[in-house]
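Peer 1: What follows is a structure written as structure tokens; I'll ask about it next.
The values are calculated or read from the model by the stated rules, or taken from the named source; none is laboratory data. All of these numbers come straight from a predicted model, not from anything done at the bench. For neighbour counting, all protein chains shown are included, and Cβ atoms are generated from backbone atoms with ideal geometry for every residue, glycine included. Ligands, DNA and RNA are excluded from the accessible area calculation, which covers all protein heavy atoms including side chains. Shrake-Rupley method; radii C 1.70, N 1.55, O 1.52, S 1.80 Å.
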Amino acid sequence: MALRYLSPIHKATRQITLYLEPLCAALGISPSEGHLLSYLRTYAPCPIGEILRVFGSKPSTMTSVLERLAERGLIKREPDPGDRRSVLVSLTREGKNIAGRINRMVRDLEGRIGTHVGKHELAGFQSVMSAVENATGVRVRKERST
């Protein structure tokens with residue numbers, strides 16, 4: 001028996017990733033790298049510890065992703081002036097450019113999804129997502145206005 005909430009969320013996540021794969025590949029990045037660049041566009045500079053917490057990746061995996069993005073000149077890592085033990089990650093000019101392109105692709109997909117969803121369905125979806133947050137007790141920070 002399929003799970004009523006988690007199976008559809010997992011399926012949707014996979015569908016989104018498969019949709020974004022060729023679009024990201026055209027930019028020379030993977031969907032996970034694109035996700036990180038998009039996150040950094042909103043929240044950078046941010047400490048690596050925050051990135052690990054938000055993405056739930058193993059430190060070794062995230063180190064590899066960050067290294068690839070740094071080698072391509074898309075991110076930079078600098079010591080945190082407020083905490084010399086911490087490293088802040090931010091986007092380079094090219095990283096901001098690619099992150100902007102990714103955000104436009106995601107907004108386009110969001111708009112296309114929205115043509116198939118009415119106000120009541122959206123309210124129901126938001127209610128389910130709120131229930132996930134309440135049931136897990138995990139709070140994800142809200143996006144800043146851009």
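Peer 1: Once the Cα atoms of helix 93-114 and of the chain are each reduced to a long axis, what angle between those two axes, in degrees from 0 to 90 to the nearest 10, is obtained?
Peer 2: 0
Peer 1: Hey, another quick one. Counting Lys +1, Arg +1, Asp -1, Glu -1, what net charge surrounds residue 67 among other residues with beta carbon under 13 Å of its beta carbon? Don't jump to the answer; show the numbers that get you there.
Peer 2: Working: positive: 68, 72, 76, 77; negative: 33, 71.
That sum, taken over residues with Cβ under 13 Å, equals +2.
Peer 1: Of the options 31, 120, 97, report the single residue whose Cα projects farthest towards the positive end of the charge dipole of the stretch 1-124 (beta-carbon charges: Lys, Arg +1; Asp, Glu -1).
Peer 2: 120
Peer 1: Going by amide H atoms built from the backbone, whose H comes under 5 Å of the H on residue 75, apart from near neighbours?
Peer 2: Amide H to amide H, under 5 Å and 5 or more residues apart or across chains, residue 75 pairs with 70, 92.
Peer 1: From the backbone phi of the stretch 86-91, what are the Karplus-calculated ³J(HN,Hα) couplings (6.51 cos²θ - 1.76 cosθ + 1.60, θ = phi - 60°) in whole Hz, Gly and Pro given as x?
Peer 2: 9, 10, 9, 10, 9, 8
Peer 1: Using a 1.4 angstrom probe, figure out how much accessible area the stretch 12-101 has per residue, in square angstrom, rounded to the nearest whole. The partial results should precede the final answer.
Peer 2: Values: 5060 Å² over 90 residues.
On a per-residue basis, the stretch 12-101 sits at 56 Å².
Peer 1: Under a point-charge model restricted to the Cβ atoms of Lys and Arg (+1) and Asp and Glu (-1), what is the dipole moment magnitude of the chain relative to its Cα centre, in debye to the nearest 20?
Peer 2: 140
Peer 1: Please report the carbon-and-sulfur percent of the accessible area for the chain; probe 1.4 Å, protein heavy atoms only, DNA, RNA and ligands left out. Mind dumping the intermediate values first?
Peer 2: Working: 5740 of 10270 Å².
C and S atoms contribute 56 percent here.
Peer 1: A follow-up question, please. Just check the stretch 1-129 against the gyration tensor rule for me: Cα atoms, a ≥ b ≥ c as the square roots of the eigenvalues, rounded for a/c under 1.5, and otherwise prolate or oblate depending on whether a/b exceeds b/c. Mind dumping the intermediate values first?
Peer 2: Numbers: a/c = 2.07, a/b = 1.69, b/c = 1.23.
It comes out prolate by the Cα gyration axes.
Peer 1: A further question on this structure: Using the Karplus curve 6.51 cos²θ - 1.76 cosθ + 1.60 with θ = phi - 60°, work out ³J(HN,Hα) for each residue of the stretch 9-25 in order, rounded to whole Hz, and write x for Gly and Pro.
Peer 2: Working through the residues one at a time gives 5, 4, 4, 5, 4, 5, 4, 5, 4, 5, 5, 7, 3, x, 5, 5, 4 Hz.
Peer 1: If each residue of separation counts as 0.36 nm, what is the full-extension length gain between residue 61 and residue 126 once their alpha-carbon separation is subtracted? Mind showing how you got there, number by number?
Peer 2: Numbers: separation 65, 0.36 × 65 = 23.40 nm, distance 3.12 nm.
Once the chain is fully extended between residue 61 and residue 126, it gains 20.3 nm.
Peer 1: Need one number: nm distance between label points at residue 15 and residue 112, each 7 Å from Cα along Cα→Cβ, rounded to one decimal.
Peer 2: Rounded to a tenth, the inter-label distance reads 1.2 nm.
Peer 1: Can you tell me which aspartates and glutamates have their Cα less than 14 Å from the Cα of residue 96? Leave out same-chain residues fewer than eight positions away.
Peer 2: 33
Peer 1: Can you give the helix-only mean residue ellipticity at 222 nm for the chain, where every DSSP H stretch with n ≥ 4 adds -39500 (n - 2.57) and the sum goes over all residues, rounded to the nearest 500 deg cm²/dmol?
Peer 2: Numbers: 6 runs with 95 residues, N = 146.
Value at 222 nm, helices only, nearest 500: -21500 deg cm²/dmol.
Peer 1: Next question, about the same structure. Treat each spin label as a single point 7 Å out from the Cα along the C-beta direction, and report the residue 6 to residue 54 distance in nm.
Peer 2: My value for the distance between the label points is 2.5 nm.
Peer 1: Among 105, 62, 129, whose mean-square fluctuation peaks in a Gaussian network model of the chain (Cα, cutoff 10 Å)?
Peer 2: 129
Peer 1: Would you mind putting 30-36, 68-74 in packing order, based on average other-beta-carbon counts within 10 Å, highest first? Mind dumping the intermediate values first?
Peer 2: Numbers: 30-36: 20.3, 68-74: 16.0.
Per-residue mean Cβ counts within 10 Å order the peptides as 30-36, 68-74.
Peer 1: Next up: For residue 88, which sequence-distant residues (separation of 5 or more, or a different chain) have an amide H within less than 5 Å of its own amide H, given hydrogens modelled in the peptide plane?
Peer 2: 78, 80
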